[in-house]
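Before any comments, here is the structure.
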Amino acid sequence: MALIALITGVIVAAAGGGNAFWLCLPGALLACSVGRGRIQAALSAAVVVAAAAAPLTGGWLRTSPLPSPVLTLLTLAASIAVSIAVRERLEREREALRNVALSDPLTGIPNRRLLLSRADYEIARHRRARNSFAVVMLDLDGFKLLNDRFGHAAGDEVLCDVAAALTEAMRAQDAVARLGGDEFCVLAPETDHPHTLPLARRIADTVAEATAGIETLSASVGVAVFPDDGLTASALLHAADERLLAAKRARHRSRVRRRAA
C-alpha cells in the first residue's frame, strides 16, 4: 500500500497537478481492493489520495492547484464506496459457491469432496499425534424399494431426516457427510478400535430412530480405523466400504436362513 501511495504521488506531481490529480483514482481503488475489511480498505485508499494531494498542497512544487475540493471528495468517496461494495459482493458470491461445491445440495451436510479434505487433515493431525480415528460408512438397506413404492420425494425426505439425525447424534468434532444416493459417512477423530463398536451401534440406532415406522429400511455399517486399515483417505473409505458390503451380505444370508426355517 505504501508503494502504491508513493508511485501515485510521484506520477501526479510529475504530470503537473491540476486535473492530473485524478490519476490517483486507479491507485486508490487498487489500494482499496487489497485492504481487509471496510475500514482498512477506506484507510488504504485515503492514504493514496493523501499522497497524491500532498505535493499539490504543500507549495514546494510548481504545480497546478487541486480540482474543486467538493467535487474531488464526492468523486473519490463514491468510487471507493462502489469498489468496497463490489468486492464484498464478490466475496459473498465466492463463499456461496464454495458452500455449494462442498455441501450436498439435498441434505445440506458435507459432500464427498469436503469429507476427503477433512480426512486428509485428520490423517496429518493423527499421524503427528500417533493417534487413531475412525471412518464409518453406512447405507440404507431397502431404500430403493421405498423410492419405487412411495416416490423420490419420500426418499429425499428420508435422506434429509437421516442426515439431520446423524448430525445431531454425533459429537461436534465429528464430520457427517453424504457420499451419494443412500450412502453416508461419519468421520470420528480420536476413536480407536475399542470405541468403534459403540460408535457403530449409536449410528445404527440413530438411523433406526430417524426411519421409525418404515419397516423396509435398515442400516448397514462398515468401519475402518486409521492407521491400521489405511494411510490415505481413499484407502480408509475403501476398507470401510468393503466391511459395509460384508455386513450387507451377512444380513442377507441371515434373512435367507430365517425364511428357510
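Okay, here's what the table says:
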quantity	calculated
Contour excess over end-to-end distance, with Cα ends at Arg251 and Ala77 and 0.36 nm allotted per residue	55.6 nm
Principal axis dimensions, largest first and in whole angstrom, of segment 152-261 by Cα	40, 32, 23
Heavy-atom accessible area per residue - segment 85-132, 1.4 Å, Å²	73
Per-residue ³J(HN,Hα) for segment 191-206, Karplus 6.51 cos²θ - 1.76 cosθ + 1.60, θ = phi - 60°, Hz, x for Gly and Pro	10, 9, 4, x, 9, 6, 5, x, 5, 4, 5, 4, 5, 4, 5, 5
Nonlocal amide H pairs with Leu179, under 5 Å, H built at 1.01 Å	Phe184, Cys185
Modelled FRET efficiency - R0 30 Å, Arg92 with Ala172, Cβ distances, 0.05 increments	0.70
For segment 64-178, projected area of the alpha-carbon convex hull averaged over all directions, nm²	14.1
Potential lengthening between Arg127 and Glu190 on full extension [0.36 nm per residue; Cα-Cα distance subtracted]	21.5 nm
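The values are calculated or read from the model by the stated rules, or taken from the named source; none is laboratory data. Only a predicted model underlies this, so the values are computations on that prediction, with no experimental measurement involved. Note that each Cβ is placed from the backbone with ideal geometry, even for glycine, and that neighbours are counted across all protein chains shown. Ligands, DNA and RNA are stripped out before the accessible areas are found, and what is left, the full protein with its side chains, is counted by its heavy atoms. Shrake-Rupley method; radii C 1.70, N 1.55, O 1.52, S 1.80 Å.
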